[in-house]
Amino acid sequence: MPVPPNNCTDSPRPAPTAAENGASFDPGYLAAKKSIDDRALNRLVWAELCQALPQTTAVKPANIMEIGAGIGTMLTRMVDWGLLTGPVTYLATDRDAVHLRQARHHLAAWADGHGYSWYWSGDQRGLLVTAHAEISLVLEQACAEELALRTETTGTLHLLIAHAVLDLINLAAVLPGLLAQLTPNGLAYLTCNFDGSTLFLPEYPGGMEQEILGRYHASMETRLTGASHTGRRLLHFLQRPGLELLAAGSSDWVVHARNEAYSADESLFLHAMIATVEQELTGKSGPAPAGLATWARTRHRQIEAGTLSLLVRNLDFLARRRPPLP
Ligand SMILES: C[S@@+](CC[C@H](N)C(=O)[O-])C[C@H]1O[C@@H](n2cnc3c(N)ncnc32)[C@H](O)[C@@H]1O
């Protein structure tokens, strides 16, 4: 997913705001994406996580860290889907402070809607109490690059989560450090990793869309080599010595109309996808492809008419850190 250059590595420059991040990372887009992701997440990988996590944490509080947490939708999912029970510590991190401020509002509204209690102490710390779980939450503005270098937390995490973010991160440089934060048998749940294919239907006449989407994927590569094939790169990476790949599977985004209409989330998500492609190819890396604006207008109109379908290939993974040999 295209974004401005990652400036996490050259701190102390401030992290980009949501507006600078473009339509893709607008908090409204992240909220809408939640229901698309809910459908897409691979249920076999999820089931493996549900089975493995209690074994990994045993009787201790589960110690969880999420990178690129956005507005906190993965935490809500993990509670709603019954994964998190008992005492849990959850460190939700993101490079964007705007998203984390939004997370607090999003989580408060979600908890209200479900009758859960939040006890906040300051802006960044909260205790969520549900019928089944007691979750100590910390919201921290931090880049994955920086978290990977932390030594004080090495070997302490039961679960690392990265959802729809690893295509923005230099895997080879950052993932080893993040995985080193895991306890022996600690788990990495790495989901919705883009894997090189975006398809809109009905077919756009003239073959022009092929060039547009080709340039769109190429722009990801310009930002970060390998980004447009993050899914398959992880499939290989997670089988290196010291790791055990417990489960892998597709988590494609598939959006289509029913009775020529989409849910509000689907409609927002589709418009944002078209806007992202157009924005990415406008005024960057040479002249925009001929007919880009017409393409975007046509696709936006098809959303209004309930005739556009979208298929984006993603992959999910669950890996375990092997304990050292005795
Ligand atoms: C596509 S959004 C996904 C957010 C959330 N995981 C979700 O699915 O709703 C990517 C998120 O990663 C964050 N991000 C991008 N690069 C990052 C980095 N290097 N370190 C930490 N967070 C990063 C962005 O600010 C954004 O919130």
Item to check | Matching option when the condition is part of a loop (DSSP other than H, G, I, E, B), more than 16 Å from the ligand (Cβ to nearest atom) and not hydrophobic (A, V, I, L, M, F, W, C), among Asp123, Asp112 | outcome: Asp123
Next on the checklist: Given the criteria surrounded by 22 or more Cβ atoms within 10 Å (Cβ to Cβ), among the charged types (D, E, K, R) and within 16 Å of the ligand (Cβ to nearest atom), does Asp167 qualify?
Outcome noted: yes
Next on the checklist: For a quick check of your reading of the model, give me the residue pairs whose first member lies in segment 132-158 and is in a helix (DSSP H, G or I), whose second is near the ligand (Cβ under 9 Å from one of its atoms) and aliphatic (A, V, I, L, M), with beta-carbon atoms closer than 6 Å and at least 6 apart or on different chains.
Outcome noted: Ala144/Ile67; Ala144/Ile169; Ala144/Val174; Glu145/Val174
Next on the checklist: Condition first: under 16 Å from the mean Cα position of the chain (by Cα) and among the small types (Gly, Ala, Ser). Now tell me which residues in segment 168-195 satisfy that.
Outcome noted: Ala188
Next on the checklist: Can you pull out every residue in segment 54-75 that is crowded, with 19+ Cβ neighbours inside 10 Å and assigned to a helix (DSSP H, G or I)?
Outcome noted: Thr56, Thr57, Thr73, Met74, Leu75
Next on the checklist: Looking for something under 30 Å from Pro289 (Cα atoms) and of a type outside the set (S, T, N, Q) - is there at least one such residue anywhere in segment 155-165?
Outcome noted: yes
Checklist entry - Is it the case that segment 250-262 has a residue that's of a type in the set (Ser, Thr, Tyr) and in a helix (DSSP H, G or I)? => result no
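Here's the yes/no breakdown for (1) surrounded by 13 or more Cβ atoms within 10 Å (Cβ to Cβ); (2) on the phi < 0 side of the Ramachandran plot; (3) hydrophobic (A, V, I, L, M, F, W, C):
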| residue | (1), (2), (3) |
| --- | --- |
| Met220 | yes, yes, yes |
| Ser228 | yes, yes, no |
| Asp252 | yes, yes, no |
| His256 | yes, yes, no |
| Ala261 | no, yes, yes |
| Gly283 | no, no, no |
Checklist entry - For segment 92-117, how many residues meet the condition of being surrounded by 20 or more Cβ atoms within 10 Å (Cβ to Cβ) and aliphatic (A, V, I, L, M)? => result 5
Checklist entry - Only one residue in Phe269, Phe317 is aromatic (Phe, Trp, Tyr) and either surrounded by fewer than 18 Cβ atoms within 10 Å (Cβ to Cβ) or not in a helix (DSSP H, G or I) (or both), so which one is that? => result Phe317
Checklist entry - On the given criteria, is Glu48 touching a residue at least 60 places away in the same chain (Cβ under 8 Å), assigned to a strand (DSSP E or B) and within 29 Å of Glu266 (Cα to Cα)? => result no
Next on the checklist: Under 7 Å between Cβ atoms, which residue pairs at least 6 apart in sequence (or on different chains) link something in segment 205-226 that is closer than 13 Å to Glu280 by Cα and in contact (Cβ under 8 Å) with a residue 24 or more places away in the chain with a partner that is of a type outside the set (A, V, I, L, M) and in a helix (DSSP H, G or I)?
Outcome noted: Ile212/Trp295; Tyr216/Glu280; Ser219/Glu280; Met220/Asp167; Met220/Ser228
Checklist outcome for this item: Per the list (1) at pLDDT 95 or above; (2) within 14 Å of the ligand (Cβ to nearest atom); (3) farther than 16 Å from Trp110 by Cβ; (4) outside any helix (DSSP H, G or I), residue check on Arg39 breaks on (4)
Item to check | Output for segment 50-82, where each listed residue is away from the ligand (no atom under 16 Å from the Cβ) and among the aliphatic types (A, V, I, L, M) | outcome: Ala52, Leu53, Ala58, Val59, Ala62
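The values are calculated or read from the model by the stated rules, or taken from the named source; none is laboratory data. Keep in mind it's a predicted model, so treat the numbers as computed, not measured. In this analysis, Cβ positions are derived from the backbone assuming ideal geometry, glycine residues included, and neighbour counts consider all displayed protein chains.
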